[in-house]
1. Just give me the residues in the range 91-100 being surrounded by 13 or more Cβ atoms within 10 Å (Cβ to Cβ) and either in contact (Cβ under 8 Å) with a residue 60 or more places away in the chain or farther than 23 Å from residue 66 by Cα (or both), in sequence order.
2. If you go through the range 65-74 one residue at a time, do you hit one that is surrounded by 15 or more Cβ atoms within 10 Å (Cβ to Cβ), under 14 Å from residue 15 (Cβ atoms) and modelled with pLDDT of 95 or more?
3. Considering the range 1-21 alone, what residues qualify as being surrounded by fewer than 20 Cβ atoms within 10 Å (Cβ to Cβ), without any contact (Cβ under 8 Å) to a residue 40 or more places away in the chain and either assigned to a loop (DSSP other than H, G, I, E, B) or in contact with a strand residue (DSSP E or B) (Cβ under 6 Å, 6 or more places away or on another chain) (or both)?
4. Just one of (1) under 18 Å from residue 17 (Cβ atoms); (2) surrounded by 14 or more Cβ atoms within 10 Å (Cβ to Cβ); (3) out of contact with any strand residue (DSSP E or B) (no Cβ under 7 Å at 6 or more places or on another chain) trips up residue 52, so point out which.
5. Among the residues of the range 24-48, count how many are at negative phi and surrounded by fewer than 12 Cβ atoms within 10 Å (Cβ to Cβ).
6. Provide a single number: the residues in the range 89-109 that are closer than 17 Å to residue 61 by Cα and either touching a helix residue (DSSP H, G or I) at 6+ places or on another chain (Cβ under 6 Å) or not in a loop (DSSP other than H, G, I, E, B) (or both).
7. Inside the range 75-88, can you point out the residues that are part of a strand (DSSP E or B) and surrounded by 16 or more Cβ atoms within 10 Å (Cβ to Cβ)?
(Lines give C-alpha, C1' and ligand atoms only; values in the text may rest on other atoms or scores of the structure.)
Protein backbone atom coordinates (compact mmCIF):
# COMPACT_ATOMS: atom_id res chain seq x y z
CA UNK A 1 0.00 0.00 0.00
CA UNK A 2 1.34 3.40 -0.94
CA UNK A 3 0.79 6.54 1.08
CA UNK A 4 1.29 10.13 0.04
CA UNK A 5 3.73 12.59 1.56
CA UNK A 6 0.67 14.28 3.09
CA UNK A 7 -0.25 10.98 4.79
CA UNK A 8 3.29 10.64 6.12
CA UNK A 9 3.25 14.23 7.41
CA UNK A 10 0.40 13.27 9.76
CA UNK A 11 2.71 10.93 11.68
CA UNK A 12 4.39 12.51 14.70
CA UNK A 13 7.54 10.81 15.97
CA UNK A 14 9.86 12.04 18.70
CA UNK A 15 12.97 10.93 20.53
CA UNK A 16 12.13 9.66 23.99
CA UNK A 17 14.11 8.50 27.02
CA UNK A 18 12.85 5.53 29.01
CA UNK A 19 12.56 6.60 32.67
CA UNK A 20 10.82 3.52 34.12
CA UNK A 21 10.32 -0.01 32.88
CA UNK A 22 8.58 -3.02 34.38
CA UNK A 23 7.40 -6.39 33.19
CA UNK A 24 3.65 -6.99 33.16
CA UNK A 25 3.33 -10.35 34.92
CA UNK A 26 2.24 -13.31 32.84
CA UNK A 27 2.74 -11.49 29.51
CA UNK A 28 5.43 -10.63 26.96
CA UNK A 29 4.78 -6.95 27.68
CA UNK A 30 6.82 -4.17 29.24
CA UNK A 31 5.21 -1.10 30.78
CA UNK A 32 7.44 1.84 29.91
CA UNK A 33 7.34 5.45 31.10
CA UNK A 34 9.05 7.52 28.43
CA UNK A 35 9.94 11.23 28.55
CA UNK A 36 9.19 12.68 25.10
CA UNK A 37 10.32 16.22 25.86
CA UNK A 38 8.82 17.33 29.15
CA UNK A 39 5.85 14.99 28.81
CA UNK A 40 5.82 11.44 30.15
CA UNK A 41 4.02 8.77 28.14
CA UNK A 42 3.05 5.29 29.28
CA UNK A 43 3.73 2.84 26.49
CA UNK A 44 2.95 -0.86 26.59
CA UNK A 45 5.25 -2.82 24.31
CA UNK A 46 5.53 -6.51 23.46
CA UNK A 47 9.32 -6.62 23.76
CA UNK A 48 9.78 -8.37 27.11
CA UNK A 49 11.20 -11.53 25.53
CA UNK A 50 13.97 -9.45 23.90
CA UNK A 51 14.68 -6.64 26.39
CA UNK A 52 14.72 -6.66 30.19
CA UNK A 53 13.37 -3.70 32.15
CA UNK A 54 16.95 -2.97 33.25
CA UNK A 55 18.15 -2.78 29.62
CA UNK A 56 15.46 -0.23 28.84
CA UNK A 57 16.20 2.32 31.59
CA UNK A 58 17.73 5.51 30.10
CA UNK A 59 17.55 4.08 26.57
CA UNK A 60 16.73 6.59 23.84
CA UNK A 61 13.99 5.33 21.56
CA UNK A 62 11.81 6.64 18.74
CA UNK A 63 8.19 7.09 19.81
CA UNK A 64 5.11 7.43 17.62
CA UNK A 65 3.35 10.08 19.71
CA UNK A 66 0.10 10.82 17.91
CA UNK A 67 -1.22 7.27 17.78
CA UNK A 68 -4.67 6.96 19.34
CA UNK A 69 -4.33 5.56 22.91
CA UNK A 70 -5.25 1.90 23.30
CA UNK A 71 -6.02 -0.25 26.35
CA UNK A 72 -3.70 -3.26 26.55
CA UNK A 73 -4.11 -5.72 29.44
CA UNK A 74 -5.72 -3.02 31.57
CA UNK A 75 -3.08 -0.36 30.84
CA UNK A 76 -3.46 2.61 28.52
CA UNK A 77 -0.72 2.70 25.90
CA UNK A 78 -0.10 6.29 24.78
CA UNK A 79 2.04 5.66 21.71
CA UNK A 80 4.35 3.10 20.20
CA UNK A 81 8.10 2.60 20.17
CA UNK A 82 9.61 1.79 16.80
CA UNK A 83 11.77 -1.23 16.03
CA UNK A 84 13.25 -3.00 13.04
CA UNK A 85 12.03 -6.57 12.70
CA UNK A 86 8.39 -7.63 12.66
CA UNK A 87 6.61 -10.84 13.62
CA UNK A 88 7.15 -12.36 10.17
CA UNK A 89 10.89 -11.57 10.47
CA UNK A 90 11.12 -13.63 13.67
CA UNK A 91 10.43 -16.75 11.59
CA UNK A 92 13.69 -15.93 9.75
CA UNK A 93 15.58 -15.62 13.04
CA UNK A 94 15.56 -11.81 13.06
CA UNK A 95 14.94 -10.39 16.53
CA UNK A 96 13.40 -6.93 16.98
CA UNK A 97 15.94 -4.12 17.30
CA UNK A 98 14.80 -0.80 18.73
CA UNK A 99 15.38 2.28 16.59
CA UNK A 100 17.62 4.79 18.38
CA UNK A 101 19.30 8.07 17.39
CA UNK A 102 22.94 7.69 16.33
CA UNK A 103 24.01 10.95 17.98
CA UNK A 104 23.10 12.96 21.08
CA UNK A 105 19.72 14.60 20.69
CA UNK A 106 17.42 15.67 23.53
CA UNK A 107 14.15 13.96 24.32
CA UNK A 108 11.27 15.53 22.45
CA UNK A 109 13.28 16.08 19.27
CA UNK A 110 10.95 15.51 16.32
CA UNK A 111 11.73 12.91 13.68
CA UNK A 112 11.21 14.34 10.19
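The values are calculated or read from the model by the stated rules, or taken from the named source; none is laboratory data. These numbers were taken from a predicted model, which means no experiment stands behind them. FYI the Cβ positions are ideal-geometry reconstructions off the backbone, even for glycines, and counts take in every protein chain you see.
1. 95
2. So far as the range 65-74 goes, yes, one or more of its residues are surrounded by 15 or more Cβ atoms within 10 Å (Cβ to Cβ), under 14 Å from residue 15 (Cβ atoms) and modelled with pLDDT of 95 or more.
3. 1, 2, 3, 4, 19, 20
4. The number of the failed condition is (2).
5. Taking the range 24-48 and keeping what is at negative phi, we get 24-25, 27-36, 39-48.
Next, from what is left, pick out any that are surrounded by fewer than 12 Cβ atoms within 10 Å (Cβ to Cβ): 25.
Result for the range 24-48: 1.
6. Initially, the range 89-109 is screened for residues closer than 17 Å to residue 61 by Cα, giving 95-109.
Pick out the ones that are also either touching a helix residue (DSSP H, G or I) at 6+ places or on another chain (Cβ under 6 Å) or not in a loop (DSSP other than H, G, I, E, B) (or both) and you get 97-98.
Residues that pass the stated criteria total 2.
7. Step one: filter the range 75-88 for residues part of a strand (DSSP E or B), giving 75-77, 80-81, 83-84.
Hits for the range 75-88 are 77, 80, 81, 83.
To keep it simple, each residue is scored yes or no on (1) farther than 24 Å from residue 103 by Cα; (2) at pLDDT 95 or above.
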{"position": "4", "(1), (2)": "yes, yes"}
{"position": "15", "(1), (2)": "no, yes"}
{"position": "23", "(1), (2)": "yes, yes"}
{"position": "34", "(1), (2)": "no, yes"}
{"position": "42", "(1), (2)": "yes, yes"}
{"position": "50", "(1), (2)": "no, no"}
{"position": "56", "(1), (2)": "no, yes"}
